[in-house]
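Colleague: Take this structure, written in structure tokens, and hold onto it; I'll ask about it next.
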């Protein structure tokens, strides 16, 4: 009995042909029936595409290939559905933001600039964001890394470590405005400090801390136990093992985690409105007086709602995205630099 | 400065589980002692109990005494860090520090102690340790390359160089060749032959031919059933163990009737 290993297959152009037919049919249907809008038509096109291709494949190739094609189509469709909002958002911000995004925008504050008129810039807010996020990082990163070191290297499932883990999880879920309210009541109302960049940094630190703890914890857990044992067996004390062997091995991932936490809090708006409010001028001192920040700048310009201020709001949003992308790129570079080499 | 080890009534526990029961044996200086036995019989646990690495595992502890030239390493006031400095260890899988160069790996144990060393002194230690581990010729031109870039056999010799760099009196080896190919294994075995002139060596191995080739004394461990603690069945000169073992189960094991 001779059997060939080759089965019948659809031609290579089959998916493209099916897609073309499906799009054509969907558009025709959309024009004649009640299916309205680009989104509805797209979904319809995908469904028709799946139907055409599956039937065709089932007839020629058999059941297994038909199922494979359905699954492949669904996976690509979900990918597109997930990526589309992101790309559309980036596109929107870039095209609208680029209008007034230039050196002048980056090098001027909003001091003495009327909301109605073009001009002014984001410099005061950039300075504020840099300082607030910088101070928050200085507070949250040492505490976060030391907490993670305690949890992974020393506690190993004790009662205190379980409690810490639990509260870190709880902190992860704190809405940012609640962190802002906490600092507002504790730092400004109760302790009597002024609104300042420092107060904002404190609330951002609260938001960063759990992210830093969690990522550092995960990275430390990835360090093979072999290395700790090898170090201890050389007669190296535990604390030196942690500093010289464990931390350097995990440092790439820890830096990435810290940068992601920085990127996350750089875009926070609500806690800043409660803790440092708004400012139109450059305030180089994070410890006294209101300080602007990029997200609150966007919020402020948006609420003025004049054509000039809307342009500035979009440019501010673009600044924020570029800032976060810069942090992320820097994190990747640093992580690559520190990654163990073979 | 090789030292003798006297183990008396050693019991090693993992939490409530007793992994090793009542082991008493003597390890002679300047010789190679091998531990053989089936998986789970506790030979690695005994080995790790000899330099206080057993207790690194959470919940693990030891009773009994292990005397190094008459001084109990489990005595009160004994610092495990000093014990491990005196009794070095090489592990089953080569584990060079991935963030360090070959040179830094060798010096890891030296640099991390509190003493200060001159640059020339450190270079001497690197050359002496790598030569001692038969690795100097292969790596002397690339000491600043990462240790993780070496082959498996070279990595294991790097780990041996790292262990002997701190000048221990005893060297414990936990299946040092089981992750290596035959050529690298021969290289390590040759090295063990040379090292025994300076160190007391204890080696755990699954390979009975290896035990026969490298060791002067062999200890056979066994367990009655899974869940029971491992026990020392007999310890005798290697030639005797492999020609006329005292115990029936030793003979069964080395002749391949079980295990």
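The values are calculated or read from the model by the stated rules, or taken from the named source; none is laboratory data. Bear in mind the structure is a predicted one, so any value in this text is a computation, not a measurement. Glycine gets a Cβ as well: all are built from the backbone with ideal geometry, and neighbour counts include every protein chain shown.
Colleague: Working carefully through the options A:261, A:233, find the one that is farther than 21 Å from residue A:141 by Cβ, in contact with a helix residue (DSSP H, G or I) (Cβ under 6 Å, 6 or more places away or on another chain) and crowded, with 21+ Cβ neighbours inside 10 Å.
Modeller: A:233
Colleague: Return the residue satisfying two criteria in turn: it lies in segment A:264-276 and is in a loop (DSSP other than H, G, I, E, B) and surrounded by fewer than 20 Cβ atoms within 10 Å (Cβ to Cβ), and of such residues it is farthest from the chain's Cα centre (by Cα).
Modeller: Going through segment A:264-276, the residues in a loop (DSSP other than H, G, I, E, B) turn out to be A:267-269, A:276.
Still in the running and surrounded by fewer than 20 Cβ atoms within 10 Å (Cβ to Cβ): A:267, A:269.
Details: A:267: 9, A:269: 15 Å.
Restricting to residues being in a loop (DSSP other than H, G, I, E, B) and surrounded by fewer than 20 Cβ atoms within 10 Å (Cβ to Cβ), the top hit is A:269.
Colleague: Determine whether residue B:210 is surrounded by 23 or more Cβ atoms within 10 Å (Cβ to Cβ), under 18 Å from the mean Cα position of the chain (by Cα), closer than 23 Å to residue B:95 by Cβ and modelled with pLDDT of 90 or more.
Modeller: Numbers: surrounded by 23 or more Cβ atoms within 10 Å (Cβ to Cβ): no; under 18 Å from the mean Cα position of the chain (by Cα): yes; closer than 23 Å to residue B:95 by Cβ: yes; modelled with pLDDT of 90 or more: yes.
Considered against the rule, which asks whether it is surrounded by 23 or more Cβ atoms within 10 Å (Cβ to Cβ), under 18 Å from the mean Cα position of the chain (by Cα), closer than 23 Å to residue B:95 by Cβ and modelled with pLDDT of 90 or more, residue B:210 comes out as no.
Colleague: Here are A:177, A:139: which of them is over 30 Å from residue A:336 (Cβ atoms), in a helix (DSSP H, G or I) and in the same structural domain as residue A:278 (by TED's automatic domain parsing)?
Modeller: A:177
Listed here are the residues, each with its yes/no results for (1) more than 14 Å from chain A (Cβ to nearest Cβ); (2) within 26 Å of residue B:29 (Cβ to Cβ).
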residue	(1), (2)
B:121	yes, no
B:125	no, yes
B:132	yes, yes
B:137	yes, no
B:182	yes, no
B:200	yes, yes
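Colleague: State whether the residues of segment B:140-149 include one that is in contact with a strand residue (DSSP E or B) (Cβ under 6 Å, 6 or more places away or on another chain), modelled with pLDDT of 90 or more and surrounded by fewer than 14 Cβ atoms within 10 Å (Cβ to Cβ).
Modeller: Yes, segment B:140-149 contains a residue that is in contact with a strand residue (DSSP E or B) (Cβ under 6 Å, 6 or more places away or on another chain), modelled with pLDDT of 90 or more and surrounded by fewer than 14 Cβ atoms within 10 Å (Cβ to Cβ).
Colleague: Do you know which of the residues in segment B:171-180 that are more than 12 Å from chain A (Cβ to nearest Cβ) and either buried (at least 24 other Cβ atoms within 10 Å of the Cβ) or modelled with pLDDT of 90 or more (or both) is farthest from the chain's Cα centre (by Cα)?
Modeller: Per the criteria, the residue is B:177.
Colleague: Then there's this: Is one or more of the residues making up segment B:235-243 out of contact with any strand residue (DSSP E or B) (no Cβ under 7 Å at 6 or more places or on another chain), free of Cβ contacts under 8 Å to residues at least 24 places away in the same chain and closer than 30 Å to residue A:339 by Cβ?
Modeller: There is no residue in segment B:235-243 that is out of contact with any strand residue (DSSP E or B) (no Cβ under 7 Å at 6 or more places or on another chain), free of Cβ contacts under 8 Å to residues at least 24 places away in the same chain and closer than 30 Å to residue A:339 by Cβ.
Colleague: Could you list, in sequence order, all residues of segment A:235-251 that are facing another protein chain (nearest Cβ under 7 Å) and part of a helix (DSSP H, G or I)? Lay out the reasoning, then the answer.
Modeller: At the first step, the residues of segment A:235-251 found to be facing another protein chain (nearest Cβ under 7 Å) are A:235-237, A:240, A:244-245, A:248-249.
Hits for segment A:235-251 are A:240, A:244, A:245, A:248, A:249.
Colleague: Follow-up question, since we're still on this one. Only one of these conditions is not met by residue B:228: (1) modelled with pLDDT of 90 or more; (2) surrounded by fewer than 19 Cβ atoms within 10 Å (Cβ to Cβ); (3) within 24 Å of residue B:20 (Cα to Cα). Which number is it?
Modeller: Condition not satisfied by residue B:228: (1).
Colleague: Moving to a separate point now. Quick check: anything in segment B:28-42 surrounded by 18 or more Cβ atoms within 10 Å (Cβ to Cβ) and within 14 Å of another protein chain (Cβ to nearest Cβ)?
Modeller: Within segment B:28-42 (the criterion being surrounded by 18 or more Cβ atoms within 10 Å (Cβ to Cβ) and within 14 Å of another protein chain (Cβ to nearest Cβ)), the answer is no, since none of the residues qualifies.
Colleague: Check off (1) more than 14 Å from chain B (Cβ to nearest Cβ); (2) crowded, with 19+ Cβ neighbours inside 10 Å; (3) modelled with pLDDT under 90 for residue A:316 and give me the number that stays unchecked.
Modeller: All conditions pass for residue A:316, except number (3).
Colleague: Taking segment A:332-342 as the search range and keeping residues that are touching a helix residue (DSSP H, G or I) at 6+ places or on another chain (Cβ under 6 Å) and outside any helix (DSSP H, G or I), which one is nearest to the other protein chains (Cβ to nearest Cβ)? Spell out the reasoning first.
Modeller: So the first thing to find is which residues in segment A:332-342 are touching a helix residue (DSSP H, G or I) at 6+ places or on another chain (Cβ under 6 Å), and the list is A:334-335, A:338-339, A:342.
Narrowing the set further to residues that are outside any helix (DSSP H, G or I) leaves A:339, A:342.
Working: A:339: 9, A:342: 5 Å.
By that ranking, first place goes to A:342.
Colleague: Also, quick follow-up: Mind checking whether some residue in segment B:217-228 is in contact (Cβ under 8 Å) with a residue 12 or more places away in the chain and assigned to a helix (DSSP H, G or I)?
Modeller: No: zero hits.
Colleague: On to the next question. Quick one: which of A:289, A:329 is within 21 Å of residue A:205 (Cβ to Cβ) and more than 13 Å from chain B (Cβ to nearest Cβ)?
Modeller: On inspection, the qualifying residue turns out to be A:289.
Colleague: So, one more: Quick one: in segment B:66-115, of everything that is assigned to a strand (DSSP E or B) and crowded, with 16+ Cβ neighbours inside 10 Å, which residue is farthest from the other protein chains (Cβ to nearest Cβ)?
Modeller: Only one residue tops the list, namely B:67.
Colleague: Tally up the residues in segment B:46-65 that are within 14 Å of chain A (Cβ to nearest Cβ) and either part of a helix (DSSP H, G or I) or over 18 Å from the mean Cα position of the chain (by Cα) (or both), please. First the steps, then the outcome.
Modeller: Taking segment B:46-65 first, the residues within 14 Å of chain A (Cβ to nearest Cβ) are B:47-60.
From the residues that got through so far, the ones that are either part of a helix (DSSP H, G or I) or over 18 Å from the mean Cα position of the chain (by Cα) (or both) too are B:47-49, B:54-56, B:58-60.
Residues in segment B:46-65 being within 14 Å of chain A (Cβ to nearest Cβ) and either part of a helix (DSSP H, G or I) or over 18 Å from the mean Cα position of the chain (by Cα) (or both): 9 in total.
Colleague: Can I ask one more? Looking at A:297, A:326, which one is assigned by TED's automatic domain parsing to the domain that holds residue A:179, part of a helix (DSSP H, G or I) and either touching a helix residue (DSSP H, G or I) at 6+ places or on another chain (Cβ under 6 Å) or under 20 Å from residue A:180 (Cβ atoms) (or both)?
Modeller: None of the other options fit; the residue is A:297.
Colleague: Taking the options A:14, A:30, A:39, name whichever one is within 22 Å of residue A:84 (Cβ to Cβ), at pLDDT below 90 and in contact with a helix residue (DSSP H, G or I) (Cβ under 9 Å, 6 or more places away or on another chain). Steps first, please.
Modeller: Working: A:14 fails: within 22 Å of residue A:84 (Cβ to Cβ); A:39 fails: in contact with a helix residue (DSSP H, G or I) (Cβ under 9 Å, 6 or more places away or on another chain).
When all the criteria are applied, what remains is A:30.
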